[in-house]
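Engineer: There's a structure below that I have some questions on.
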Amino acid sequence: MEVLRPKKLDTHPGDSIVGWARGQLGIARDILDNPGGGLLFATQTVGQVSSALRERDLARWEAVIALLDRVEDAAVRREFDTARKLLDEAGTKLT
């Protein structure tokens, strides 16, 4: 039996993570208060973006990560307007 390594993950190297992160946060913003799981999927997406930024370069993305933590907190408290405002702010800081 031949054992192969897992397929390499597409980790969005360098600054290509910015476009990916913006796209994901846009999706999260759009579905945040949708019935049928929007909140769950939106917070999961925000968490994935936060983790990816943290993994790539914590020092560079520290301010964005802090905003995303606040987004998740506002979202689970169903403060959707605040969460959207924070998502917009995080997207602006992704440069």
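The values are calculated or read from the model by the stated rules, or taken from the named source; none is laboratory data. No experiment lies behind these values; they were computed from the predicted model shown. In this analysis, Cβ positions are derived from the backbone assuming ideal geometry, glycine residues included, and neighbour counts consider all displayed protein chains. Note: areas computed on protein heavy atoms with side chains; ligands, DNA, RNA excluded. Shrake-Rupley method; radii C 1.70, N 1.55, O 1.52, S 1.80 Å.
Engineer: Within the bounds of the range 48-59, is there any residue that is surrounded by fewer than 19 Cβ atoms within 10 Å (Cβ to Cβ) and within 15 Å of A74 (Cβ to Cβ)?
Structural biologist: For the range 48-59, residues surrounded by fewer than 19 Cβ atoms within 10 Å (Cβ to Cβ) and within 15 Å of A74 (Cβ to Cβ): absent.
Engineer: If I ask for residues that are without any contact (Cβ under 8 Å) to a residue 40 or more places away in the chain and outside any helix (DSSP H, G or I), which ones from the range 18-65 would you list?
Structural biologist: Across the range 18-65, the qualifying residues are N34, P35, G36, G37.
Engineer: Checking the structure you have, find out if any residue of the range 30-43 is open to solvent by 80 Å² or more (accessible area, probe 1.4 Å) and among the charged types (D, E, K, R).
Structural biologist: yes
Engineer: Within the range 70-89, can you find the residues that are touching a helix residue (DSSP H, G or I) at 6+ places or on another chain (Cβ under 7 Å), free of Cβ contacts under 8 Å to residues at least 24 places away in the same chain and over 18 Å from G23 (Cβ atoms)?
Structural biologist: Hits for the range 70-89 are R70, A74, T82.
Engineer: Return the residue satisfying two criteria in turn: it lies in the range 66-95 and is assigned to a helix (DSSP H, G or I) and among the acidic types (D, E), and of such residues it is surrounded by the fewest Cβ atoms within 10 Å (Cβ to Cβ). Quick ask: steps written out before the conclusion?
Structural biologist: The first filter runs over the range 66-95 and keeps only residues assigned to a helix (DSSP H, G or I), leaving 66-76, 80-93.
Remaining after also requiring among the acidic types (D, E): 69, 72-73, 81, 88-89.
Numbers: D69: 14, E72: 18, D73: 14, D81: 10, D88: 15, E89: 14.
That would be D81.
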